[in-house]
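The values are calculated or read from the model by the stated rules, or taken from the named source; none is laboratory data. Keep in mind it's a predicted model, so treat the numbers as computed, not measured. In this analysis, Cβ positions are derived from the backbone assuming ideal geometry, glycine residues included, and neighbour counts consider all displayed protein chains.
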Amino acid sequence: MTPSGRGPRRCRETLRRLIVGAVLLAAAGSAAPYTATLTPAAPQEIYLQVGVGAFTNNYDAGGQPQINTTINTVSTTLAVGVVGNGTAQAMTTNSTAAQSYWDGFTFCTVPAQLYIGGFFRTTGTTTAAAQVTATVPAALTNASGNSIPFSQISWVSSGIADPPTEPFPSGTFVSGGVQTVGSMASNTWNESCWAFSYSNTVVAAAGTYTGAVLYTMTAP
Amino acid sequence: MSTSSRRAATFFLALALTIIWPADARAKTIIIDDSGSQALEPAVTMRWKSAAPARSATGNLMIGTTTIRVRINVMPWLHHSGHIYLALPVQKPGPIGLSWTTQGRFLPGQLVSGNRVLVYAGPITMPFMEDTLTFQFSVNGALLGRSVPVTYRFEMDEG
């Protein structure tokens, strides 16, 4: 091959490289990243348990919250000699909820304590906390129409191995009205155990006094 | 030049090549045309990984799955060898996890946004490469207040 013969061949190679380069550039120019749209669906969930609740399994085992319509009671029976003497009387519950559905840990002591817990889920930046309120009648009443103010009933909040601060703190019922009994930050599990007591500072006629408190959770 | 000095020169040359080569390799990364890909679902529905949250504000992942028929145009590299990566750039709404399974043409894998993972290495024998990939995205629910577009791409490292 003569030097003069190399010229055209080198030109052809250069041209071919240019063409390949042009194809590569064209391919790169037409490429665009693929876009997938992530859409949060039904992102808000709410769960409140006062007394017994329902989960398919513990949360940390993949459990899902269920509905339990059971209405639990908290009660005490006073001997005739102590009615109205000012000595608080411990109340007990018929709730059997001692374990947390979060991990099965024995969190409350039954029948001395009533479990209260729950959570709410929402997407986006955390805003306001969910509020748990109690709608309280003015009084407990008996069949004869006698009454005892609901403010005679208080509760002390705790939980086995819990820090001093409880999401559902200690309190006393108002006699008629709606009161806040706790709050929950979004996307956190919250639970406490309530030990109720009757303050026993009023003298009431003999009888069985009942009243129902409705707990409501309101998420923002 | 003595034997020792030749060794020194060889070592210096090898070192220089070692330094230069990665820069050259990075320059040959090209985004692959995947405009032939088709999503089987119009959007990725994100749901809580767990219905209930933890006691602290952790583990609030939302996950969503979508299936995409991937078709990438590798014609420019036909009859050459290449390394193909799936890249998920850093983007809003924040850290995004992505894992995927394949039908075998590409490799399965997982990554976090800001990284890329090798999905194919070898000769390019067809002008188009196709596979059906099932993607699972995961994002902290606190970052996902509304629908957000997330982009990923296939990249070719030539050579």
**Message:** Any residue that is touching a helix residue (DSSP H, G or I) at 6+ places or on another chain (Cβ under 8 Å), more than 15 Å from A:Val50 (Cα to Cα) and surrounded by fewer than 17 Cβ atoms within 10 Å (Cβ to Cβ) - is there at least one of those in the stretch A:142-149?
**Reply:** no
**Asked** Which number in (1) crowded, with 17+ Cβ neighbours inside 10 Å; (2) in contact with a helix residue (DSSP H, G or I) (Cβ under 8 Å, 6 or more places away or on another chain); (3) within 14 Å of another protein chain (Cβ to nearest Cβ) marks the one condition that A:Glu166 misses?
**Response** (2)
**Asked** Quick one: is B:Gln103 surrounded by 14 or more Cβ atoms within 10 Å (Cβ to Cβ) and polar (S, T, N, Q)?
**Response** no
**Prompt:** When you look at A:Phe173, is it of a type in the set (A, V, I, L, M, F, W, C), in contact with a helix residue (DSSP H, G or I) (Cβ under 7 Å, 6 or more places away or on another chain) and crowded, with 20+ Cβ neighbours inside 10 Å, yes or no?
**Reply:** yes
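Which one of these is farther than 18 Å from A:Thr35 by Cβ, at the interface with chain A (Cβ under 9 Å from one of its Cβ atoms) and touching a strand residue (DSSP E or B) at 6+ places or on another chain (Cβ under 8 Å): B:Gly145, B:Gly109, B:Gly104?
Working: B:Gly109 fails: at the interface with chain A (Cβ under 9 Å from one of its Cβ atoms); B:Gly104 fails: at the interface with chain A (Cβ under 9 Å from one of its Cβ atoms).
The match here is B:Gly145.
For the stretch A:169-201, which residues satisfy the criterion of being in a loop (DSSP other than H, G, I, E, B) and at pLDDT 95 or above? Steps first, please.
Our first condition is that a residue be in a loop (DSSP other than H, G, I, E, B); within the stretch A:169-201, this holds for A:169-170, A:173-176, A:185-189, A:199-201.
A:Pro169, A:Ser170, A:Phe173, A:Val174, A:Ser175, A:Gly176, A:Ser199, A:Asn200, A:Thr201, listed by residue number.
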**Request:** Scan the stretch A:88-130 residue by residue and report those that are within 11 Å of chain B (Cβ to nearest Cβ) and farther than 26 Å from A:Gly62 by Cβ.
**Result:** A:Thr125, A:Thr127
**Asked** Before we move on, is B:Gly97 more than 10 Å from every other protein chain (Cβ to nearest Cβ), in contact (Cβ under 8 Å) with a residue 40 or more places away in the chain, farther than 19 Å from B:Thr65 by Cα and surrounded by 13 or more Cβ atoms within 10 Å (Cβ to Cβ)?
**Response** no
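Could you pull out every one of the strands (runs of 3 or more DSSP E) wholly within the stretch A:56-153 that has 2 or more residues that are touching a residue at least 24 places away in the same chain (Cβ under 8 Å) and touching a Cys at 6+ places or on another chain (Cβ under 9 Å)?
Working: elements: A:114-121, A:130-136, A:139-141, A:147-149.
Filter on the stretch A:56-153 gives A:114-121.
In the stretch A:35-84, what residues are within 9 Å of another protein chain (Cβ to nearest Cβ), within 15 Å of the chain's Cα centre (by Cα) and either among the acidic types (Asp, Glu) or more than 21 Å from A:Thr133 (Cα to Cα) (or both)? Before the answer, list the steps.
Going residue by residue through the stretch A:35-84, those that are within 9 Å of another protein chain (Cβ to nearest Cβ) are A:35-43, A:45, A:47, A:55, A:59-60, A:62-65.
Okay, now just the ones that are also within 15 Å of the chain's Cα centre (by Cα), so A:43, A:45, A:47, A:55, A:59-60, A:63-65.
Answer for the stretch A:35-84, where residues must be within 9 Å of another protein chain (Cβ to nearest Cβ), within 15 Å of the chain's Cα centre (by Cα) and either among the acidic types (Asp, Glu) or more than 21 Å from A:Thr133 (Cα to Cα) (or both): A:Pro43, A:Glu45, A:Phe55, A:Tyr59, A:Asp60, A:Gly63, A:Gln64.
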**Item:** Enumeration of residues in the stretch B:68-81 that are more than 8 Å from chain A (Cβ to nearest Cβ) and under 15 Å from B:Thr151 (Cα atoms)
**Value:** B:Val70
